[in-house]
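Any read-out appearing in this document is the output of simple, stated calculations on the displayed coordinates, not a laboratory observation. Everything quoted here is computed from the prediction, not taken from an experiment.
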Amino acid sequence: MSARQWVLTFLAAVALALPAAAQEPQRVVPVAVRVIPPMVEETNGQLSGFSIDLWNAIASRRHWTTEFTVVPSVQAQLAAVSGRAADVGVGAISITAERITDYDFSQPILNAGLGILTRSQRPGREATAFGSLLHLLLSPAVLVWLGIAGLLTIIPAHIVWFVERGQPDGIIGTRRYFPGIFQAFFWGLGTLATQADAMPRHWVSRGVAVLWMFTGVVFVAFYTATLTASLTVQQIRQEINGPGDLPGKAVGTVAGTTSARYLGAASIQSQAFANAEDAYQALMDDQVDAVVYDAPVLQYIAAHEGLGRAGLVGTVFQPEDYGFVFRNDSDLRRDVDAALLSMRQDGSYEELRERWFGKS
């Protein structure tokens, strides 16, 4: 066979092989995801977010087709991977020593940790001394005590009115119930708060006045203690600057997460919610004083629905990394790590990270 014939034969063989190669199906990778902005977002059935965009970029480089399945929790993602309903878990899955014994993880896709979200100061009310005083005076505890004072005063006011209404130069200037009872009621409130500005004439009403003045001393003492306690609680609840300030506070977190385990290990009482959005709403409703959860998620909340209403305090603590999770026998991790390393080297990873989180 001549050289020309050999070349023609080789080209014909290549031409016959190309259609078969073109028709070879791409690998389909089932992926379990959990909606947790900004890592995974779902809008009108379409998924987006940092983790989704990063996975899609890796899958494109490896020529994979992805089938996403949305599950409600990290536990559901891990169960889907271990049960082979999914090959990969994508979202905000922390790489922990406990999990790494049962699962394989990619190289970290994002450096994270825990953060603390608190309510922002409300301008014009808590930001000034006058606003703090006004807020204190209108607090439920103070209003309850004022209501009790009014109810207690009704009894001595009626006794004094009934006895004093017929006395010459008495403190009640009329025998009529109205406005006489108002005069007696005003006398009772004044005596309860400070001291009587006028002494009744009749010996019965004078005895009532002495007992009422002693009652006033006790009442003022309890009232002052209530104001002090309310002010102290208000100041304590505002002073959260780091994890060391969390004991004794009402803390919210997300159930079944590393943040919940951290709070439990630190013996910090917490209230667990189904997701970060519910925990944030509890913070806005004054049900909790702070929310402890993954810092990137809390930063996203503070920059969007919490803008001007909530913010992170202190620094990120309990450092942890997010990663894609695989079964221990998965053949995907090596390819994913190679693509991720390539993206870090060519700058596409940093470009994607800045698009979702801004510059470092």
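Some observations on this one:
- Amide H contacts of PHE273 (H built 1.01 Å from N, in plane; Pro and chain starts excluded): THR253, VAL254, ALA255 sit under 5 Å, all sequence-distant by 5 or more or on other chains.
- Chain lengthening between ASP337 and ARG84 when straightened (0.36 nm per residue, less Cα-Cα): 89.0 nm
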